[in-house]
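Read-outs throughout are calculated quantities, based only on the coordinates presented, and are distinct from any laboratory measurement. No experiment lies behind these values; they were computed from the predicted model shown. Using ideal geometry, Cβ is built from the backbone for each residue, glycine included, and neighbour counts are taken over all protein chains shown.
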Amino acid sequence: MIFCGSCDQDAAESITQILLEKEEKDLEHPFTRIFALGLGLLFLGKQNVVDTSVEVIKSMLPNKNMAEFVCLVMETCAYAGSGNVLHIQKLLHICAEHKTDEKESIH
């Protein structure tokens, strides 16, 4: 909570490194989502500053589903309360999408 909204690069690198070192099966664990929230809170209300870190996560995290989730949490926190209408509409559109489970689509 000390670094909330600080964009502290050392804290961001530490959390990102932890995510990168986890094995594929460990990334599916529910507690791993706490790391995404930690990254998001680092960029709370900072808007465009989050873009570089989002690109790093997208390119380096091997699990694409987890990478999408982490990026979404980071962007949501960064643009929370910003009044940036276009970005908020983009996030609302994502909320309105219906995700199909891969297991459901096979049947």
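The calculated FRET efficiency for SER14 paired with HIS98, based on their beta-carbon distance and R0 = 25 Å, is about 0.10.
What shape does segment 47-97 take by its C-alpha gyration tensor, where a ≥ b ≥ c are the square roots of the eigenvalues and a/c under 1.5 counts as rounded, a/b above b/c as prolate, and the rest as oblate?
Oblate shape, in that a/c is at least 1.5 and b/c is the bigger or equal ratio.
When +1 charges are put on Lys and Arg Cβ atoms and -1 charges on Asp and Glu Cβ atoms, the dipole computed for segment 9-106 relative to its Cα centre reaches about 280 debye.
Counting lysine pairs in the chain that sit 8 or more residues apart in sequence, or on different chains, and whose Cα atoms lie under 20 Å apart gives 13. Ranked for footprinting exposure by Cβ neighbours inside 10 Å, fewest first, VAL49, VAL70, VAL56, VAL85 give VAL85, VAL49, VAL56, VAL70.
For segment 18-77, GluC sites (Glu not before Pro) meeting the loop criterion (DSSP other than H, G, I, E, B) and having at most 16 other Cβ atoms within 10 Å: GLU23, GLU28.
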